[in-house]
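Read-outs throughout are calculated quantities, based only on the coordinates presented, and are distinct from any laboratory measurement. Predicted model, so just to flag it, every value in this text is computed and none were measured. Every residue, glycine among them, receives a Cβ derived from its backbone with ideal geometry; neighbour counts consider all protein chains shown.
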Amino acid sequence: MKSTELRRKIKNFDPDSFLTKIGEGRTVLSLSKKRTVFAQGDPSDAVFYIQQGKVRLSVVSKAGKVATIGVFNAGDFFGEGCLAGQALRRASAITMTDCSLMRIEHKTMLGVIHRESEFSDRFVSYLLARNIRYEEDLVDQLFNSSEKRLARILLLLARFGKEGQKDTVIPKVSQEILAKMVGTTRSRVCFFMNRFRKLGFIDYNGGMEVHSSLLNVVLHD
C-alpha cells in the first residue's frame, strides 16, 4: 500500500506547484525593495526561487570595494552554493524591487533533486544556462568597450528576447550600481545613458524603457 501511494505521489509531482506553494521545508517571503535576503558571511542553508521581482547579488572585498556579480529575475534560482557544501554566503542578495521569493531549505532541495527527475532536469538546465551567461559576461568584460557592456546589461535587465518581449520597462537602477556592473565610472555611465536616450534607445517614463534598437550598440563593431 505504501509503495503504491509513493508511486502515485511521485507521478503527480508538479515542479511549478513545488516552486509556488508553501510546504515542508518551503516558505514564501514577501520583501519590499532594497531588503536583504541574505548577507555575505551568513549561514548558507537554503536555495531561493524568485516568483516575482528582481534580486541583485553583490560581494564586498576586504578593502571595502563592492562589486555586483549578478541580477536575477522571476523564474531564477539563487543561493544554490549550499548544495555544494558552501557553509557561508560568499555574497549578499538585495531586492531591487518588491519580491516574492520561495525559500527552500537545503535538505528539502537535495531531496527533490534526487527524487524528481523532471525537477532535477529543470534545475540543471537553469544552472547550465547561467554558466553560459557567466562565460559571456567574462568575454564581454575582456573584449568589449564599457559602452557595449552597459548596453548588454540594460538589455539583460529588460530580459530582451525572453517570452517575445522587445520593449520593456525595467525598475529604476542607479547609475552607481550600473557602473559597478559594467566595471567603469559613474560619469561614464551617465555619458552613455544620455547618449542612448538622445538616440532613442531608451526612454524614462516612470521607469526606464529599453528598446530593442539598443541591440545595435552591442552588434556594432
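Quick notes on this structure:
- Test: Arg152 is surrounded by 18 or more Cβ atoms within 10 Å (Cβ to Cβ) and part of a helix (DSSP H, G or I): yes
- Condition met for Ala67 (closer than 16 Å to Arg130 by Cβ, touching a residue at least 40 places away in the same chain (Cβ under 8 Å) and either exposed (fewer than 14 other Cβ atoms within 10 Å of the Cβ) or of a type outside the set (Val, Ile, Thr) (or both)): no
- Summed over region 49-60, residues that are closer than 14 Å to Ala91 by Cα and buried (at least 20 other Cβ atoms within 10 Å of the Cβ) total 3.
- Any pair with Cβ under 7 angstrom, 6 or more apart, that starts in region 85-110 at a residue that is under 27 Å from Lys62 (Cβ atoms) and ends at one that is surrounded by 20 or more Cβ atoms within 10 Å (Cβ to Cβ) and of a type in the set (Ser, Thr, Tyr): Gln86/Ser44; Ala87/Ser44; Leu88/Ser44; Arg89/Ser44
- Of all residues making up region 82-108, the number that are surrounded by 15 or more Cβ atoms within 10 Å (Cβ to Cβ) and in contact with an Asp or Glu (Cβ under 8 Å, 6 or more places away or on another chain): 5
- Any hit, region 161-169, residues being part of a helix (DSSP H, G or I) and surrounded by 15 or more Cβ atoms within 10 Å (Cβ to Cβ): no
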